[in-house]
Structure formats: C-alpha cells, structure tokens
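Values quoted throughout were computed directly from the atomic coordinates according to the rules given, and no laboratory measurement underlies them. Fair warning: this is a prediction, and the values are worked out from it, not measured in the lab. Reconstructed Cβ throughout: ideal geometry from the backbone, glycine too, with neighbour counts over all protein chains shown.
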Amino acid sequence: MIRYTLVCDSAHNFEGWFRNSDDFESQCDRQLVVCPICGAVDIKKGLMAPAVSTSRTKETVSIPANTDERPAPASALVSPAAASMQPSALLPVDVRQKEIVEALREVRARIIENSENVGADFAAEARKMHYGEAEARSIYGETTSQDAEALLDEGIAVLPLPELPEDKN
C-alpha cells in the first residue's frame, strides 16, 4: 500500500492509502476520492516526505504510557508533511489526534445515518446495485478484504468506514 498526502481544491490536506499510483488515478477519475473536510472531489497529490522509521522518530510521536487515552489508528494520523502545512501543526500531537478522531466520528456518524446497514450481505448487495439488479442507494456492512478487493477490481466503489479507537475495545 502507498500512503499519499492529498490536497483538495480548497487546500485541505489529508491522506489516503492506495494499492498503487494507478489505483489513485482511477479512483480520482471516478470521483471516489473525496475531501473528508469539505467533500470536494478535485483531489491532487500533495508534497510528500518519505516515510522513514527511526528510533528518534518513534520517540517524538509516541504517546506517554501513563495516559488512559488510546492513540488514533494509523489510518487516521496525518503525515508529518501534511501536518506541517496545517495551522494545527503547532498543537501538541495528542490535541491534533483528538481533533482528527472527533472528525472521523462525525464522518462515520453521517455515513451510518444516511445509509442502510446490509450486514454480511454487503458484497452481494453492492454487486446487485452495480449491475442494476437492485436500486442504487448508500449502504454499509461487513465484508472480507478479499471481497472488497474483488469489488474494486470490478469497478465497484467501496470504502471502509473510519476506524475509531473505541472500535478496538
């Protein structure tokens, strides 16, 4: 997987994970990549720094062991390059993480509020809608990563719901 720093036409920075560069381009062409802040679909790759893991890097971003709060999942963290372009970059890491997690909670709540839960039938229902066998509508549910990849290979747009710290409890 490749992590890209992304920028919408309103200059909001966020990140996205893609199998490869072609997947990013394909999803952008189909307007599947959406700014989580404003909903814009005109998305470009932003300035990125290589992700190099060193012991010094781990020390600067680790959360103290005496805190009761769990860190945000890796998929919710803003890359250092993206964070440095945002006004919140001057805030401590734990404050930014709280803001990000709260934004993810809001996004997830809106998705669930405006979609139908189809449970374990997600892949089958998504295919039915894609091939015109069922009414097109917003759905969510569960599927395996293999089924999700197969859906993407068929050109069926799917995205995981944002993972929140409380989901791991």
Original post:
Under a point spin-label approximation (7 Å from Cα along Cα-to-Cβ), what is the I112-E142 distance to one decimal in nm?
Top reply: 1.5 nm
Original post:
For segment 1-46, what is Rg from Cα atoms divided by 2.2 N^0.38 Å, rounded to two decimals?
Top reply: 1.01
**OP:** Give a residue-ordered list of calculated ³J(HN,Hα) values for segment 11-24 (Karplus: 6.51 cos²θ - 1.76 cosθ + 1.60, θ = phi - 60°; whole Hz; x for Gly, Pro).
**Re:** 6, 7, 9, 7, 10, x, 10, 9, 4, 6, 5, 4, 4, 4
**OP:** Among the aspartates and glutamates, select those whose C-alpha is under 19 Å from the C-alpha of K98, and discard any that sit fewer than 8 residues away in the same chain.
**Re:** E15, D68, E69, E106, E163, E166, D167
**OP:** List the extent of the Cα atoms of segment 91-169 along each of their three principal axes, largest first, rounded to whole Å.
**Re:** 49, 25, 23
